[in-house]
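S.K.: The structure's right below; bear with me while I get my questions together.
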Amino acid sequence: KGESQGTVVAGGNGRGNRFDQLSYPRYVFVDRDHSVYVSDCGNHRVMKWMKGKKEGIIVAGGQGQGNGLTQLSNPLGVVVD
């Protein structure tokens, strides 16, 4: 049987574009180090939350919607190898 109460590990501070917020998160990936990656569709970025941190870091995109090297367009999935 699993836990009866969850713990917020990413976002949780309303919708927005700060490092402690998400806007239309779509997919989540958890790596071996228990870091959480989230495709943040509304902000055109992929965020990473390291275990125990209150804010994430941008690991892809984050410079608006587009096809430039620092841009994404509505990222829907995320897998880290």
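S.K.: Once you put a point 7 Å from the Cα of residue 70 and another 7 Å from the Cα of residue 58, both along the Cβ direction, what distance in nm separates them?
M.R.: Output for this residue pair reads 0.7 nm.
S.K.: Measuring from label point to label point, each 7 Å out along Cα→Cβ, what is the residue 33 to residue 7 span in nm?
M.R.: 1.8
S.K.: Let me ask something else. With θ set to phi - 60° and the Karplus curve 6.51 cos²θ - 1.76 cosθ + 1.60, what are the ³J(HN,Hα) couplings of the range 18-26 in order, to the nearest whole Hz, using x for Gly and Pro?
M.R.: Each residue of the range 18-26 in turn: 6, 6, 10, 9, 9, 9, 6, x, 10 Hz.
S.K.: Write down Rg/Rh for the chain, rounded to two decimals, with Rg from the C-alpha atoms and Rh from the Kirkwood relation over Cα pairs.
M.R.: Using Cα coordinates only, the ratio equals 0.99.
S.K.: Show the residues, 5+ positions off or on another chain, whose built amide H is closer than 5 Å to the amide H of residue 44.
M.R.: Residues meeting the criterion, in which the H sits 1.01 Å from N, are 74.
S.K.: Determine the relative contact order of the range 1-62: mean sequence separation of Cα pairs under 8 Å and six or more apart, normalised by residue count, in whole percent.
M.R.: 26
Since every read-out is calculated from the coordinates, none of them should be taken as a lab result. Please read these numbers as outputs of a predicted model, since none were measured by experiment. Glycine gets a Cβ as well: all are built from the backbone with ideal geometry, and neighbour counts include every protein chain shown.
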